[in-house]
Amino acid sequence: MLPQPGGMAPPPMGMDQQQRMTMPQQPPHFWPQHQQQQQQQHYGAPPTNSAAGGAADEVRSLWIGDLQYWMDEAYLSSCFYSTGELVSAKVIRNKQTGQSEGYGFLEFRTHAAAETILQGYNGALMPNSEQSFRLNWASLGAGDKRTDDSPEYTIFVGDLAGEVTDYVLQETFKAVYQSVKGAKVVIDRVTGRSKGYGFVKFGDEREQQRAMSEMNGVLCSTRPMRIGPTANKKPMNAPTQNGKREALIYGGLGLVSAEMIPV
DNA sequence: CTTGAGCGG
């Protein structure tokens, strides 16, 4: 890990930057009734829902990932300023180098506001960048929002064009398969650009299996996709596939590796 | 050519 001398690179743009610098793109029409309620406590202590009414332990923080090194607190604040619901923004930094770890936390006034942000902004384009917001509930803060009781079946999708986003990838599959739960294009932390591959999650295993063969070679944006199984998931016991057999190699207590052995 | 994922104070 070579400490980059000039690690704090400024935003890579600059020539085609619009005049309105800090105003974020309004994400599509997602903002509901919160603006109408005249709660003017934008600064000072956020309503902590003392003992009456709301649950004081409600999670109001979101985790945000895939941040580039120039995306600081001021940038994050500007992204959500228009909502009037952001209490604080924080970028986690390495204690030694001070460099961003690529993620942070956003605290909102209420759980409901955070949830609206999560649904409205997640996947939308981040201002002054080519990537989209990656948001999730902050899991370690307080309560647990994990209700992940439903199984997920994921495929690997490679050979993606650079401009393919989570949304594009997801819609490519959603147009065909109802059970698509989401898609993620892997982003390079340093450049903020796509690494050219990603993952698509299905709720239905049969659709996942179908997609493996049906969508292989299908165009996503400008390039045909290459589809494969995910690397480190549960062993799938598809008996035969393309004239290959899956050999599961066990050692000691569990599965060690799986190889595709040509017949 | 490529197999993610990262949760502070």
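Just so it is clear, none of the values below were taken in a lab; they were calculated from the coordinates. Fair warning: this is a prediction, and the values are worked out from it, not measured in the lab. Every residue, glycine among them, receives a Cβ derived from its backbone with ideal geometry; neighbour counts consider all protein chains shown.
Would you please put A:64-75, A:215-226 in order of how densely packed they are, using the mean number of other Cβ atoms within 10 angstrom per residue and starting with the highest?
Working: A:64-75: 19.3, A:215-226: 15.2.
Output ranking for A:64-75, A:215-226: A:64-75, A:215-226.
Full-extension gain between residue A:159 and residue A:178, please, as 0.36 nm times their residue separation minus the C-alpha to C-alpha distance. Walk me through the intermediate numbers first.
Values: separation 19, 0.36 × 19 = 6.84 nm, distance 2.34 nm.
4.5 nm is the gain from fully extending residue A:159 to residue A:178.
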In the stretch A:148-179, which residues have a backbone nitrogen under 17 Å from the label point lying 7 Å from residue A:205's Cα in the Cα-to-Cβ direction? A:149-156, A:179
What distance in nm separates the simple spin-label points at residue A:90 and residue A:216, each placed 7 Å from Cα in the Cβ direction? 4.7 nm
Given H placed 1.01 Å from N in the peptide plane, which residues other than close sequence neighbours of residue A:154 have an amide H under 5 Å from its amide H? A:202
Interchain or sequence-distant (5+) residues whose placed amide H lies within less than 5 Å of the amide H of residue A:131 are A:126
Among A:91-102, A:163-174, what's the highest-first ranking by average C-beta atoms within 10 angstrom per residue? A:163-174, A:91-102
Table column - 3J(HN,Hα) (Hz), the stretch A:91-101, Karplus curve with 6.51, -1.76, 1.60, x for Gly and Pro: 9, 7, 10, 5, 5, 7, 8, x, 7, 4, 8
Using a basic spin-label model with each label point 7 Å from the Cα along Cα→Cβ, how many nm lie between residue A:73 and residue A:136? 2.4 nm
